[in-house]
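Here, each number is a calculation from the coordinates, and none is a lab measurement. The structure presented is a predicted model; accordingly, all values stated were derived computationally and were not measured. Cβ atoms come from the backbone with ideal geometry, glycine included; neighbour counts cover every protein chain shown.
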Amino acid sequence: MMLREKQSNEPDLNITPLIDVVFLLLIFFMVSTTFDKNAEISIELPEAAGQAVKTKQFRLEISIDAEGRFFVNQKRVKDDKLVTLKRAISLTLGDHKDPKLIISADRKTPHGAVVRAMDAARQLGLVHLTFATRQSSTGD
């Protein structure tokens, strides 16, 4: 009796349709994905090239550091509440009418702190204000 060796028939696997499907999925996800265009916005604060104006008028300066702490004429305000800031401005202002109001804020100051300082000044009737900037180094 003669026994034949079994022939192994390895299945032929065609991966071409698989590659086609993978490329179609890749194209679909590339087209349908929305990219965040505003992920990194680089903002540089403006510099002032003008000269400082010297006046004999009473100056009221509200300084805000990077953490959002307030200083009125270099005196620390105990907290960052609007009522406390208004009281500190009123006490510093005293009897002076229409002082020169300067708001100087660190470049990393939270936006809300600057708005709170402007709101406190407006509620006290101080509507003419100036923002402190740094002198331009190029001189243009």
- Query: For region 91-115, which residues satisfy the criterion of being over 16 Å from the mean Cα position of the chain (by Cα), of a type outside the set (A, V, I, L, M, F, W, C) and more than 17 Å from Q57 (Cα to Cα)?
  - Reply: S104
- Message: Residue pairs, Cβ under 7 Å, 6 or more apart or interchain, first in region 58-70 and in contact (Cβ under 8 Å) with a residue 24 or more places away in the chain, second in a strand (DSSP E or B) and among the hydroxyl-bearing types (S, T, Y). List them.
- Response: E61/S104; S63/S104
